[in-house]
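A quick write-up on the structure given underneath.
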Amino acid sequence: MAVLHDLGKIGVRETVLNKPGKLTEEEFAEIVRHPETAVRILEPIHFFRPLLPAILHHHERFDGKGYPSRLAGKSIPLASRIMTIADTFDAMTSTRAYRKAVPVADAIAEIRRCSGTQFDPDIVPAFLAIQSKIVIPGDVTLPEGFEEAIPAEYRPQLG
Ligand SMILES: [Fe+2]
């Protein structure tokens, strides 16, 4: 599902997706349509039907200010409430065309700050509890003792 939820971005112009500055109203309207576009694409495939509500509502906010339906609280599908935290964390810790990745500690602080407004306050603690196990692409921190396990002739020469 994590791969499919943004499938609808296929219908959003590249220049809008990668725009560095603020979006115009018209450009934002294009972005807002991506969950519905994903549902339209996946609907004919029987196998995906059970996932469609979760995909459609992955940009709803706990306070009801999200899109496309302005659902609030527990009326947002549970899978969407989980997905939106993971999706936001992933977005913040990834480098995009218009900005650099945010440090993990800052992304965690932001998730915490938005608990109860953007995110379900019952799910945020569960996310924070497992967050350290998430592998972040591009994070090249290697486990303790890793370098010693590499034969000397293949070790990177630093300095
Ligand atoms: Fe999305």
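Any read-out appearing in this document is the output of simple, stated calculations on the displayed coordinates, not a laboratory observation. Here the structure is a predicted model, which is why all the values come from computation and not from measurement. A quick note on method: Cβ atoms are made from the backbone with ideal geometry, for glycine too, and the neighbour counts reach across all protein chains shown.
Counting only C-alpha contacts under 8 Å and six or more residues apart, can you give the relative contact order of the range 18-135 as a whole percent? Display every interim value, and only then the final one.
Numbers: 124 pairs, mean separation 25.1, N = 118.
In percent, rounded to a whole number, it is 21.
Would you mind telling me which residue in 116, 64, 21 has the biggest mean-square fluctuation in a Gaussian network model of the chain, where springs connect alpha carbons within a distance under 10 angstrom?
21
Given springs between every Cα pair under 10 Å in a Gaussian network model of the chain, which of 33, 49, 61 has the largest fluctuation?
Evaluated over the chain, the most mobile residue of the options is 49.
So how many Lys-Lys pairs in the chain land under 22 Å Cα to Cα, not counting same-chain pairs under 8 apart?
8
Given Cβ point charges of +1 (Lys, Arg) and -1 (Asp, Glu) and nothing else, what value in debye, to the nearest 20, does the dipole of the range 6-159 about its Cα centre take? All intermediate terms of the calculation are to be shown ahead of the outcome.
On the way: 19 positive and 21 negative charges, 101 e Å.
My answer is approximately 480 debye.
Volume per residue, Å³, of the convex hull around the alpha-carbon atoms of the range 54-128? Please report the intermediate quantities before stating the final value.
On the way: hull volume 6.4 nm³, N = 75.
Output value, Cα hull per residue: 85 Å³.
What does the net charge come to around residue 43 if you take all other residues with beta carbon closer than 14 Å to its beta carbon, with K and R at +1 and D and E at -1? Mind showing how you got there, number by number?
On the way: positive: 40, 49; negative: 36.
Result for the neighbourhood of residue 43: +1.
Taking loop as defined by DSSP and a crowding limit of 10 other beta carbons within 10 Å, which chymotrypsin sites (Phe, Trp or Tyr not before Pro) in the range 73-125 fit?
Working: sites: 89, 98, 119; in loops: 98.
In loop regions of the range 73-125 (DSSP not H, G, I, E or B), the sparsely surrounded chymotrypsin sites (Phe, Trp or Tyr not before Pro) are 98.
Can you give me the Rg/Rh ratio for the range 1-65, using Cα atoms for both radii and the Kirkwood formula for Rh?
Over the Cα atoms of the range 1-65, Rg/Rh equals 1.01.
What value, in deg cm²/dmol to 500, does the helix sum -39500 (n - 2.57) over DSSP H runs of n ≥ 4 give at 222 nm once divided by the residues of the chain?
Working: 7 runs with 58 residues, N = 159.
Computed mean residue ellipticity for the chain: -10000 deg cm²/dmol.
Shape of the chain from its Cα gyration tensor (a ≥ b ≥ c, root eigenvalues): rounded if a/c is under 1.5, otherwise prolate when a/b > b/c, or oblate? Numbers along the way, then the final one.
Values: a/c = 1.91, a/b = 1.67, b/c = 1.15.
Prolate is the answer for the chain, as a/c is 1.5 or above and a/b outweighs b/c.
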